[in-house]
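The values are calculated or read from the model by the stated rules, or taken from the named source; none is laboratory data. Being a predicted model, the structure only gives us computed values, none of them experimental. Ideal geometry is used to build each Cβ from the backbone, glycine not excepted, and the neighbour counts take in all protein chains shown. Note: accessible area is taken over every heavy atom of the protein model, side chains too, but ligands, DNA and RNA are not part of it. Shrake-Rupley method; radii C 1.70, N 1.55, O 1.52, S 1.80 Å.
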Amino acid sequence: MTSKILCPTDGSDHATVGVMLAAEVAKATGGHLTICAVNIAHGGFRGPTISHWKAEEVKKILDDAEALARREGATDVGTLEVVAREAAPAIIAYAEQNGYTHIVMGTGDKRGLQRLVLGSVASEVASRAHCTVTIAR
């Protein structure tokens, strides 16, 4: 049963499709939807840690995604920022440590050599997560 849904977003068009689907799932199941932004941390070994996004950028990404989810019919929606060095392991760990039963996320249209070179956060999450993962395009 889907009771806790985690939806990672970076504010991209692909992630927006994931937010819309996550909202539909939350509406249909009555589940709680948490929208998260993984803010990638750079540096920090011998200097300061610098996050990919500034605080106001994260706030805008999450506020926009939450507003979209509510327009799509989700009523129990929360947001959070996760700071990590890599997105996929952070998403997987957060979902597992906090009892999420479903991860819904968007993905780009990477094919062939581009997929091999760039990899895919969605692919890694789908292959390693402890719970159901739905990938939206």
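Here the chain exposes an accessible surface that is 52 percent carbon and sulfur, computed with a 1.4 Å probe and the other protein chains kept in place.
Restricting to DSSP loop positions (anything but H, G, I, E, B) with no more than 11 other Cβ atoms inside 10 Å of their own Cβ, which chymotrypsin sites (Phe, Trp or Tyr not before Pro) remain in the stretch 1-104? Intermediate values should be presented prior to the final figure.
Values: sites: 45, 53, 94, 100; in loops: 45, 53, 100.
Answer in residue order: 45.
For the residues 36, 131, a 1.4 Å probe over the protein chains yields an accessible-area ranking, largest first, of 131, 36. Taking every C-alpha pair closer than 8 Å and separated by at least 6 residues, the mean separation divided by the residue count of the chain gives a relative contact order of 32 percent.
Each Lys and Arg contributes +1 and each Asp and Glu -1, all at the Cβ; summed about the Cα centre of the stretch 1-94, the dipole is approximately 220 debye. Taking amide H atoms as placed 1.01 Å from N in the peptide plane, the amide H of residue 35 lies under 5 Å from those of 7, 78, 79, 80, each 5 or more residues away in sequence or on another chain.
Entry note, the chain: the mean residue ellipticity at 222 nm calculated from DSSP H runs of n ≥ 4, each adding -39500 (n - 2.57), is -13500 deg cm²/dmol after division by the residues and rounding to the nearest 500. Suppose all protein chains stay in the model; what accessible area per residue would a 1.4 Å probe give for the stretch 43-90, in Å²? I get 67 Å² per residue for this part. For the stretch 1-63, the set of trypsin sites (Lys or Arg not before Pro) satisfying both a DSSP loop assignment and a count of at most 13 other C-beta atoms within 10 Å is given as 46, 54. In this calculation the C-beta distance from residue 80 to residue 45 is compared with R0 = 30 Å, giving a FRET efficiency of 0.70. Here the translational diffusion coefficient of the stretch 56-108 follows from Stokes-Einstein with Rh set to the Kirkwood radius across Cα pairs; for 4 °C and 1.567 mPa s it amounts to 102 µm²/s. If you look at the Cα atoms of the stretch 1-136, you get an Rg and a Dmax of 14.6, 48 Å. For the chain, the longest principal axis of the Cα atoms and the long axis of helix 13-29 meet at an angle of about 30 degrees.
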